[in-house]
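**Student:** Let me give you the structure first, and then I'll get to my questions.
Bear in mind these aren't lab numbers, they're just calculated from the coordinates by the rules spelled out. Keep in mind it's a predicted model, so treat the numbers as computed, not measured. Cβ atoms come from the backbone with ideal geometry, glycine included; neighbour counts cover every protein chain shown.
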Amino acid sequence: MAAFGFTTSTNHCIISTRDTAASRIPIEIWEYILDVLKDDPHALLACELVCRGWRTRSRYLLDQVDYEPTFCERESVVRWARFMQVIKKHRARVTRVDLAGEHSQEGQPGSLAHLGTFVAMLAGRLPHLRHLYIRDGAWPRGTIHASTVFFHLSTFPSVSKLWLNNITFPSVTIFGRLICSFKRLSELRAHNISFVDTQLPPRGRPWLAPTKLTHIYMDRASSDMLRALTATTVAQKCHELDVSASGEAIRSSALQELLWAARESLHTLSLDLFTSLETSDMRDLVGR
């Protein structure tokens, strides 16, 4: 249709140098057709070159990109990633991404398998992504290829804030590798984190923990979560530690072990306990 040399008239119909059935179709009809292509950036780019009547609508659809998206399933990740891959100007405007577990049966955590799709399709393409929020789901064992996903995560060097909310990890090792993937991470917030396998990784395992991770905030922290932070060494450079934990987590000595691991860098400690502690328990925690 580009051969017709379309222009737009004042009566909002596409007019060409030839009088054809296509040229007499109102622009509103063409806009409806273009709307059908809203998820296909390649097609919209081609339509943008056809005529001025199509250009306006095509550009409008190409610019309808959420710069702080929320993804709950693979399909939405794929649609959004296609625009990032094709329209390069959008990439620098993305500063925050929210990845939530897929909708599942009531009481069951949704799968976070689309995290693998996100990092694979967008590796190295979001230079200003600073805040990554992962929530309300389970990291499914076997559906996310660990080595691949952690390699791709390392191509998001601008991420400085990682928020983890209501997530079940298959193991402490997977949790630690996720944190260590972000070399410029400065803030970690974790709420209600649990593990299918609570066994700690071997003590001699090397961890390349983020050296700029100075602020850690934990809400509803279990003793398993506290021990995970210690075992993966991610808290060794922490300056400010804010912990909300149960009396069980405190009495288990897990918090004391974490404080000892961060002793050389820790400046500020804030504790919010679900239950009150006896004076002797508090003395054991902070040291006599």
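**Student:** Taking the Cα atoms of the stretch 25-99 alone, what are Rg (to one decimal) and Dmax (as a whole number) in Å?
**Tutor:** In order Rg, Dmax, the Cα atoms of the stretch 25-99 give 13.4, 42 Å.
**Student:** Further question: If we count every other residue with Cβ under 9 angstrom of residue 101's Cβ, Lys/Arg +1 and Asp/Glu -1, where does the sum land? Please report the intermediate quantities before stating the final value.
**Tutor:** Numbers: positive: 135; negative: 102, 136.
Within the 9 Å Cβ shell, the charges total -1.
**Student:** From the backbone phi of the stretch 186-191, what are the Karplus-calculated ³J(HN,Hα) couplings (6.51 cos²θ - 1.76 cosθ + 1.60, θ = phi - 60°) in whole Hz, Gly and Pro given as x?
**Tutor:** Per residue, the Karplus-derived 3J(HN,Hα) values read 10, 9, 10, 10, 9, 10 Hz.
**Student:** Also, quick follow-up: What order do you get for 31-43, 218-230 when each peptide is scored by the mean count of other beta carbon atoms within 10 Å, highest first?
**Tutor:** In decreasing order of mean packing, 31-43, 218-230 become 218-230, 31-43.
**Student:** Just name one of 166, 155, 145: the one whose Cα is farthest towards the positive end of the charge dipole of the stretch 126-199 (beta-carbon charges, Lys/Arg +1, Asp/Glu -1).
**Tutor:** Towards the positive end, the residue furthest out is 155.
**Student:** In addition: Expressed as cubic angstrom per residue, what is the convex hull volume of the alpha carbon set of the stretch 69-286?
**Tutor:** Numbers: hull volume 25.6 nm³, N = 218.
In the stretch 69-286, the Cα convex hull volume per residue is 117 Å³.
**Student:** Same structure again: Work out from phi, with θ = phi - 60° and the Karplus expression 6.51 cos²θ - 1.76 cosθ + 1.60, the ³J(HN,Hα) of each residue of the stretch 110-120, listed in order in whole Hz, and give x for Gly and Pro.
**Tutor:** Going residue by residue, I get x, 6, 9, 4, 5, 4, x, 5, 4, 6, 5 Hz, with x marking Gly and Pro.
**Student:** Moving on. What ranking of 174, 87 emerges when the number of other C-beta atoms within 10 Å of each C-beta is taken as an exposure proxy, fewest first? Don't skip to the answer; put the middle values down first.
**Tutor:** On the way: 174 18, 87 15.
Taking fewest neighbouring Cβ atoms as first place, the list is 87, 174.
**Student:** So, one more: Rg(Cα) of the stretch 61-170 divided by 2.2 N^0.38 Å?
**Tutor:** Numbers: Rg = 13.5 Å, N = 110, 2.2 N^0.38 = 13.1 Å.
Normalised Rg, Cα atoms only: 1.03.
**Student:** Okay, moving on. Output the pairs from 38/161; 88/212; 89/212; 88/161 with a Cα-Cα distance over 27 Å in this structure; if there are none, say none. Please list the in-between numbers first.
**Tutor:** Working: 38/161 32 Å; 88/212 29 Å; 89/212 29 Å; 88/161 24 Å.
The answer is 38/161; 88/212; 89/212.
**Student:** Calculate one ³J(HN,Hα) per residue across the stretch 226-235 by plugging θ = phi - 60° into the Karplus curve 6.51 cos²θ - 1.76 cosθ + 1.60, and present them in order as whole Hz with x for glycine and proline.
**Tutor:** Calculated HN-Hα couplings, in order: 4, 5, 5, 5, 5, 5, 8, 6, 6, 9 Hz.
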